[in-house]
Amino acid sequence: MYKAEFIHVRLVRLLRYATYFVFLCAGLPLSMQRAGSGPGAIGDMPLLAWTACYLVFGLVYWLLTNQMGARLNGATRVAVLVILTGTALAIGVLSKSGVGALLLIIVATAVPWLVSLPLGIAWMAVAHVALVPVFAEVPGWGLINALMQACLYFGFSALVFVASMVASQQAEEREELRRLNSELRATRALLAESTRIAERMRIARDLHDLVGHHLTALSLNLEVASHLTNDVAREHVLKAQSTAKQLLSDVREVVSELRQDDAIDLTQALRSLTEGVPGLEVRLTVPPRFGVEDPRRAQMLLRCVQEILTNTVRHANARHLWLTFRHTGPDELCLDARDDGRGGGSGEFRPGNGLNGMRERLAEFGGTVSFRTDPAGGFALTARLPLGEEPSLAHAPPRQVFDPALGDEPEAASRAKLSVPSEDLP
């Protein structure tokens, strides 16, 4: 388990244990009640209703803490809050005591994780106002004492509410920090790979333009010298010429090898991006030699994977995400992504801004993306990316390096044309 996820789970467990201690203490008066009639007894129906509300409250809160800060939709959050608040108030009314107010303190720990700050404050205020009639029925209290008691419990709930709100904000900031850190590590890996390839290309060009040119010129000069020397000296000149040609051949092989390995390896960048996602197990599958020559395409693929991760964490309520990269042709790369979440519902699926942005990024390179959603089988997408030229550049005219009419030939080209034949250049 990763450190961030471990800290998150540990804090939620501590919160759960602390609130359940309060929950059990609040249930002690229930265990001392007895059904029937007479002093100290309550009716059978109120006791059963009290017990039912108490058990429902505990069960719902336990289930909620298993998903604290996770991906509950808006309707589910409101429903959970209504059940917790309703059962707490019902226990207060049935018991005619402050047990319901103690349970509202427990509710205050969950409110910041379920609704916004203004709605949460208003919700807790209304819930404590609803306890005023319960306190007013206590013999000898009256309305003023009931209001003071409700305000006292509201102060306790507000204190717990603020502490839980801080924990909620820290969890959100920690998740945002984790996401940014994973993006940074992925970008750093991509930059290191791009720098490595650029350095290889620079070395290959230098070998071709400098060493190759001089070796070719040396070989030609030795050829001339072999015709101007006698038999003894000519033998050594021919050996030197043979050595120069062998060196030229070796340089050509080295240049070819350097230029062959010019693809950006995305494996490390993708692993940096997908590891350490709290509550989500990402299973990444890539080809043995997974590389993309175009840095723009490599960057775009990382952005697509990041968008898939963000959507899965925020909306899918999934536990597993499968990402599979595969080559569907010599010049096409395919990304299959699927999760085991709740899917997109039974209605027509409409992609949001993030998925539309992914479609636009792929379209810039002639790629496509398709979506599939099933309420029982999660969400899936397939993205296809051509690895060749963009459609807009496929039929573009070749770029002119220099204008012969102006006579501004590059110096290296002019020197090569004057000193050696073009077919002898490496």
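The numbers here are math on the coordinates, done by the rules we state, and not lab data. Only a predicted model underlies this, so the values are computations on that prediction, with no experimental measurement involved. Positions of Cβ are generated from backbone atoms using ideal geometry, with glycine treated the same way; all protein chains shown enter the neighbour counts.
Using the number of other C-beta atoms within 10 angstrom as an exposure proxy, rank H327, H227, H128 with the fewest first.
Values: H327 12, H227 8, H128 25.
Lowest count first: H227, H327, H128.
Taking neighbour Cβ counts within 10 Å as the exposure measure, how do R296, R359 sort from fewest upward? Provide the component values of the computation, followed by the final result.
Working: R296 12, R359 18.
If I rank by nearby Cβ atoms, fewest first, I get R296, R359.
Note down the nm distance, to one decimal, between modelled labels 7 Å out along Cα→Cβ at I121 and at R188.
My value for the distance between the label points is 4.1 nm.
About its Cα centre, how strong a charge dipole does the range 266-386 have in debye, to the nearest 20, once Lys and Arg get +1 and Asp and Glu get -1 at the Cβ? Kindly include the intermediate steps, with their values, before the conclusion.
On the way: 16 positive and 14 negative charges, 27 e Å.
Charge dipole, the range 266-386, about its Cα centre: 140 debye, nearest 20.
Shape of the range 40-197 from its Cα gyration tensor (a ≥ b ≥ c, root eigenvalues): rounded if a/c is under 1.5, otherwise prolate when a/b > b/c, or oblate? Provide the component values of the computation, followed by the final result.
Working: a/c = 4.44, a/b = 2.56, b/c = 1.73.
The shape class here is prolate.
From largest to smallest, what semi-axes in whole angstrom does the range 266-386 give when each is the square root of 5 times an eigenvalue of its alpha carbon gyration tensor? If you can, show how the numbers build up before the last one.
Details: eigenvalues 103, 57, 31 Å².
The answer is 23, 17, 12 Å, longest axis first.
Over all alpha-carbon pairs in the range 117-165, figure out the percentage whose distance exceeds 16 Å. Working shown, then result.
Values: 465 of 1176 pairs.
It works out to 40 percent of all Cα pairs.
Can you sort L321, L247 from fewest to most other Cβ atoms within 10 Å of each residue's own Cβ? Spell out each step's value before the answer.
Details: L321 25, L247 15.
Least to most surrounded, the residues fall as L247, L321.
Among A318, L385, T267, pick out the residue whose Cα is farthest towards the positive end of the charge dipole of the range 266-386, where Lys and Arg carry +1 and Asp and Glu carry -1 on C-beta, about the Cα centre.
A318
Between the range 285-354 and the range 108-128, what is the separation of their alpha carbon centroids in Å?
Here the answer is 37 Å between Cα centres.
Suppose the chain between E275 and E199 were pulled fully straight at 0.36 nm per residue; how much longer would it get relative to their current alpha carbon spacing?
Values: separation 76, 0.36 × 76 = 27.36 nm, distance 2.90 nm.
This chain segment gains 24.5 nm when fully extended.
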